[in-house]
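Heads up: the structure comes next, in structure tokens.
Just so you know, all these numbers are worked out from the coordinates, no wet-lab data involved. If you're wondering where the values come from, they're calculated on a predicted model, not measured in any experiment.
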Amino acid sequence: MYRHITTLTEFVVAQEKKNPHATGSFTLLLTHIENAVKIIASHVKRSGLVDILGKTGATNAYDEEVMKLDDFSDKLLFDMLKDSGQVGYVASEEKEEPVCVDKKGKYNVFFDPLDGSSNIDVNINIGTIFSIYQNKGDVLQEGRKQVAAGYVLYGSSVMFVYSSGQGVHGFTLDPTIGSFLHSHENIRVPETKNYYSINDGNVELFEDSMQRYLTSIKKEEKPYQSRYVGSMVADVHRTLLKGGIFMNPANKKRPTGKLRLMYEVNPMSYLIEQAGGSAVSSQGKSPLDIEPQNLTQRVPIVLGSKKEIEKYLTFL
Ligand code: AHG
Ligand code: MN
Ligand code: MN
């Protein structure tokens with residue numbers, strides 16, 4: 001018998017209806033992101049077959065090599081956001097400056113079009129991250145002011161996970177009908193798994209407190225288990241569903257850490273907090289309270305289950 005499962009679009013419409021002042025503008029914006037990521041997903045799936053892999057030869061704002069799929073996803077997301085008619089400024093990790101689409105547009109959107117791009121070539125999970133603010137003229141706002149954030153994971157299934165301030169909702173793409181179906185209701189970060197996720201290769205470069213913390217969790221009666229994909233979306237997704245701790249800390253070569261405040265750290269920290277977990281940056285401060293200095297700012301990040309973060313903080 002046919003059993004109806006709520007689609008992402010239906011869900012967003014229903015959520016927006018709860019707000020008497022809603023205009024449908026947010027639904028329209030999210031629908032455009034949804035359509036863009038479905039197209040990206042289909043390209044990711046075929047990326048091993050078509051000649052879309054390989055380097056474009058160009059570098060992004062961070063002097064990193066840009067893969068073709070990054071470029072494609074970047075352009076597509078930008079065009080779709082523009083078409084939505086709902087955006088003021090759009091900023092992408094792949095661009096040096098934000099683009100003004102319409103000064104009076106309602107929302108500003110930040111995105112990392114393809115996260116984990118070093119994993120494309122080896123068939124490992126990658127993702128897209130987005131972060132949405134009200135357009136109040138100032139493009140750089142604290143993460144706390146996000147009105148919504150989310151990510152898409154191109155994994156064994158394609159998942160769309162987002163929050164607009166009322167919990168975290170997960171949807172899985174049914175490729176046979178092309179719809180994201182509500183599969184994960186009100187996601188909460190569990191305290192159950194003692195997973196730790198960090199690029200251990202940098203251990204000698206980490207600050208003393210981080211080294212002591214890592215040594216300590218490996219010496220526990222039930223030692224922590226290591227899990228590290230190297231795609232933030234995949235590592236945070238696992239942390240959201242299974243619990244544990246994910247870290248991209250400062251190190252001697254990168255005193256501010258590797259991950260970008262506006263494109264990666266803020267949206268993921270917002271989701272983790274919405275799911276009952278914690279996120280901290282330098283000196284245990286929430287990244288969501290950092291006053292951003294520039295678009296390409298990087299900050300250290302440690303996030304995960306509440307108790308794991310509390311334990312980590314005792315080492316600072
Ligand atoms: P991007 O592909 O968007 O540049 O991001 C890569 C990031 C992130 O996905 C991941 O968590 C991190 O790089 C891995 O960093 P390490 O090289 O320090 O492991
Ligand atoms: Mn990234
Ligand atoms: Mn990227």
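Classify the range 8-184 as rounded, prolate or oblate, taking a ≥ b ≥ c as the square roots of the eigenvalues of its Cα gyration tensor: rounded when a/c is under 1.5, otherwise prolate if a/b is larger than b/c and oblate if not. Oblate shape, in that a/c is at least 1.5 and b/c is the bigger or equal ratio. Between Gln211 and Glu191, the contour length at 0.36 nm per residue exceeds the Cα-Cα span by 4.9 nm. For Glu97 and Gln297 in one chain, what is 0.36 nm times their gap in residues minus the Cα-Cα distance, to one decimal in nm? Using 0.36 nm per residue and subtracting the Cα-Cα distance, I get 70.7 nm. The Rg/Rh ratio for the chain, using Cα coordinates for both the radius of gyration and the Kirkwood hydrodynamic radius, is 0.95. Measure nothing but the geometry: give the 0 to 90° angle between the long axis through the Cα atoms of 68-84 and the longest principal axis through the Cα atoms of the chain, rounded to 10°. The angle comes out at about 50 degrees.
Annotation: extensible slack from Glu220 through Glu310 equals 30.8 nm (criterion: 0.36 nm per residue apart, minus Cα-Cα distance).
Across the range 169-287, Cα-Cα pairs more than 24 Å apart make up 31 percent of the total.
Checked against a 31 Å cut-off, the cross-linked pairs Lys45/Lys311; Lys17/Lys311; Lys45/Lys95; Lys104/Lys306; Lys136/Lys193 give Cα-Cα distances beyond that limit for Lys45/Lys311; Lys17/Lys311; Lys104/Lys306; Lys136/Lys193. Amide H contacts of Tyr107 (H built 1.01 Å from N, in plane; Pro and chain starts excluded): Val87, Gly88, Asn135 sit under 5 Å, all sequence-distant by 5 or more or on other chains.
Mean residue ellipticity, 222 nm, helices only, the chain: the sum of -39500 (n - 2.57) across DSSP H runs of n ≥ 4, divided by residue count and rounded to 500, is -8500 deg cm²/dmol.
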